[in-house]
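Just below is one structure, and these are the notes that go with it.
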Amino acid sequence: MWTFIIRRLLQSAIVIVGVTLISFTALQIGGDPTYLYVSERASDAEIAETRVRLGFDKPLYVQYLTYAERLAHADFGESLTHKRPAIEVVLEALPATIELTVFSMIIAIGLAIPFGIFAALHRGTALDGGIMTLAMLGQSIPNFWLGIMMMLFFGLNLRWLPISGHVPFLMPLVQGHFVQAIVSLPQAIYFLIMPGIAVGFYSLSRNARLVRSSMLEVLGQDYVRTARSKGISETAVVIHHALRNAWLPIVTMIGLEFGFLLGGVVVVEMVFSWPGIGRLVFNAINQRDIPVVQASVIILALVFIVLNLIIDIIYARIDPRVKL
Amino acid sequence: MKKLVHTLLAASAAVILPLAPALAAPASDTIVIGMSTDSSTFDPPQITSRDNSNIADHIFGRLYDVTAEGKIVPQLAESYTVSDDGLAYTFKMKDGLTCEDGEALTAEDVAYSFNRAADKKNGFTGSTPGFIFSAIQFKSAEVVDKLDVKINIGTKTPIAIGLLTEVFLHCKDSYEKMSLETAASKPVASGAYKLVKWDRGSQIVLERIKPDGGTFKNIIWRIIPEASTRSAELIAGNVDVVTNVAPDQIDTVNKSGTAKVKSVQGTRRMYVGFNLRKDFASTPGGAAIQKADVRKALQYAVDVPSICTQLLNFECTRATGLVNPPNDNKSLTPYPFDPAMAEKLLDQAGYPRGKDGVRFEIKMQAPRGRYLNDANVALAVGQFLTDVGVKTTVETLDWTSLYTPLVRKHDAGPLFFLGSGGALWSAIYDMTDLAEVDSGTNYTSWNDPDFFGGWKDIQNAKTPKEQEDVVNRMLKVFYEKGPWLLMYFQPDFYGVSNRVDFQPRRDERLHVFDTNLTK
């Protein structure tokens, strides 16, 4: 087990180096970023001085090596627009995105499993057809459009849900303000409902179809028939025999899902004014705030790598046939 | 089916409503403003953007203020005098001023505010050290006595007083104790409101600390980046004022019954520049626009009012120069849309249509997404020019990565679409884009001696009237031979809830000191 973890960590380090290299190069080839940090009326001398001060005059490989060296000391540089350490800016935005991602994941996984099982158990019926049609629709609708439609219907017409905004839950929790976090939880959920559905609806639809097909495959197996012939209740057959064996592809899916949802929040965060990392990256790219973009990409890559590692370990625990 | 939908809605409501607080309009002592970007800092010398500055205007006081009409009026100072050589401004502060923490605000604090902003050790890069101080060549600020402070500058300029009004003041004792990081996030107010909460990316909450400082006790600035979301919040009554309503949403807001869009002609001057740099003359189009007659002919070719109506959803008056009304030259009339006149003048200038109907070809570059509907405006201008035989190829470019470096290096062109921020308080401020032939902002490399010679006359003018005459003379030259194809002053669209009587200003300042609830 430990050999596997160490091997995976080494692989992760290579991935991180790759991520820093790609993000650094991609941003630099867009042009000279110096002009973003001087006023419209700056003289040539001021522009040149700023270029030197920010290190944009140096060759790209020198800029990258300097950056990598700082990175090794957990120094992501200072945000060029926020005038604060980039990592601080990113970590400040991360909890809001995690709240949104986890909530949408609960929707995407938590609803997909019962829907998928239900559709599989009623294969060929109108209900199965209805659920699968809805799933197809969910995979066809862009999340930002769904967001805007929900905003207009539930926010503007019915006035049931807030149109935009965010009530923090995770941040006070991390800061140790437990009472504040608990008190704000209902409000936090209230503000999460629409963006959560907008982010998670595509995954919910895809997962429901996956669970259905996985269950259908398992339900046709001999051991399920044997279980039924023993007179075990249908619920016990489904939960203990079928679902347990259909679980492996679902666990794999959960691991990939988090990364997918993290990447899918950018537009939804913009639409719902959600102060998360997606919106931060979007603005940072527009303002060419290089340190923030790089810090965000690396933090997200780290989150993704750690989650995949955890999923691999869980995978082995669920299915002893899988050797790490 | 209908029953199922109702059942689903009822079930959703049963789940959601217990979580929901009452979705109500803001309280009567609170005004909520929706804007697209968050502030990056509240340390005065670091502030750069207008949105950031608009909030800071409510937190920090300044020596003088600029009214909505462009008049410079006292704020924390009560008067000022200028030395004979024009290099020292002495301000007399009002007595009895205090900061948020109770510290008295005197001449010492004013001097500290200026000198702290200029101190290179602090590494400030905001508008005060980056633009204002370089424009006036700020030297130092010194205390004369308790209420008098002298600001020393390195160049005599009639716009110094206007620029000095931009500098935010703060108290010395509190800021001396603060780290730069604390100063950026926990300002100590010298103005009418104090910062009570800053949920980064979400909202900024201000609370009134001076009873006569403003109508509303609380001002909430909500950060709503997406224009359609801002409009929805406005229509729902959750926000009282929103900035930058997208032109395509104006009708929706106006028909909502809960809010209206108020448009105002801004001070940003939009123009198509003729890049007259010699190396551009190597192309036929670049060579043609070197002639003032050709430039004048092209003024008649573009239907600017139609561009405003069709593409900006705004009725505009075409600009006659680079100065904002009411400081412009009143004797000049906007060039009319007269393609026949354009063709006649082009013929006379020696550019008749060829067999293919083309007089000459030219390239126009334009930004994408920087100004209101910029790419489409540029394409429309290109088509108007093509219609009179000047075959124009329009190239639209990303603003930050491609267009800005081109313009800054004076490499955009031969034609380029651009906007330049202006002001209402001085004609000369608007003209400083062309303060010298070598100015960084003379993106067209225009060098007409009749215009640039006027700057010396402005310096030597004895009276405001004399100065105005020189300005008008220069503007006439600009109108006749200038390097700009004159367009419009970019409109700004504000969504205003029926709940408040907010009046937008032309200079992009968003002040709610005098805004009231509607009766």
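The values are calculated or read from the model by the stated rules, or taken from the named source; none is laboratory data. For clarity, every value in this text was computed on a predicted model and none was experimentally measured. Reconstructed Cβ throughout: ideal geometry from the backbone, glycine too, with neighbour counts over all protein chains shown. Note: areas computed on protein heavy atoms with side chains; ligands, DNA, RNA excluded. Shrake-Rupley method; radii C 1.70, N 1.55, O 1.52, S 1.80 Å.
Some observations on this one:
- The range A:98-273: relative contact order as a whole-number percent, Cα under 8 Å and 6+ apart: 38
- Per-residue SASA remark: residue A:240, around 120 Å² accessible (1.4 Å probe; ligands, DNA and RNA not included).
- Using a cutoff of 8 angstrom between alpha carbon atoms and counting only pairs six or more residues apart, the relative contact order for chain B works out to 19 percent.
- Average accessible surface area per residue within the protein assembly as shown, 1.4 Å rolling probe, Å²: 43
- Under 13 Å, Cβ to Cβ, from residue A:213 - net charge with Lys/Arg +1 and Asp/Glu -1: +2
- Full-stretch length increase - residue A:178, residue A:22 - with 0.36 nm per residue and alpha-carbon distance subtracted: 52.2 nm
- Averaged over peptide A:145-153, the number of partner chain Cβ atoms lying within 10 Å of each residue's Cβ comes to 2.
- DSSP bridge orientation in the protein assembly as shown - percent antiparallel, rounded to nearest 5: 75
- Whole-Å distance, taken between Cα centres, linking the range A:74-113 and the range B:217-287: 30
- Over the range A:98-273, equivalent-ellipsoid semi-axes from the Cα gyration tensor in Å: 34, 20, 14
- Other protein chain C-beta atoms within 10 Å of residue C-beta, averaged over B:216-227: 3.
- When the Cα positions of A:91, A:2, A:286 are compared along the charge dipole of the protein assembly as shown, A:2 comes out farthest toward the positive end, with charges on each C-beta of Lys, Arg, Asp and Glu.
- Solvent-accessible surface, computed for protein heavy atoms with a probe of 1.4 Å, shrinks by 20 Å² or more for the following residues of the range A:172-198 when the other protein chains are added to the isolated chain: A:186, A:187, A:190, A:193.
- Summing both sides, the accessible surface hidden between A and B at a 1.4 Å probe radius is close to 3800 Å².
- Shielding of A:274-280 by partner chains, average beta-carbon count, 10 Å: 3
- Counting only protein heavy atoms and a probe of 1.4 Å, the accessible surface of chain B is 52% carbon and sulfur.
- The range B:441-474 and the range A:231-247 have Cα centres spaced 89 Å apart.
- Tilt relative to chain A, helix A:126-140 - C-alpha long axis, 0 to 90 degrees, to 10: 10
- Kirkwood hydrodynamic radius over Cα pairs of the protein assembly as shown, then Stokes diffusion coefficient at 10 °C and 1.306 mPa s, in µm²/s: 52
- Ranked by the mean number of other Cβ atoms within 10 Å of their residues, highest first, the peptides B:221-233, B:200-212 come out as B:221-233, B:200-212.
- Protection proxy ranking of B:104-115, A:275-286 - average other beta-carbon atoms within 10 Å, highest first: A:275-286, B:104-115
- Computed over chain A, relative contact order equals 27 percent, with contacts defined as Cα pairs under 8 Å that lie 6+ residues apart.
- Nonpolar atom fraction for the range A:98-273, defined as the carbon and sulfur part of the 1.4 Å probe accessible area, stands at 70 percent.
- Between helix A:277-287 and chain A: long-axis angle, C-alpha atoms, 0 to 90°, nearest 10: 30
- Between the helical axis of A:290-318 and the longest alpha-carbon principal axis of chain A there is an angle of about 30 degrees.
- Qualifying trypsin sites (Lys or Arg not before Pro) in the range A:154-217, where qualification requires a DSSP coil assignment and no more than 16 other C-beta atoms within 10 Å, comprise A:159.
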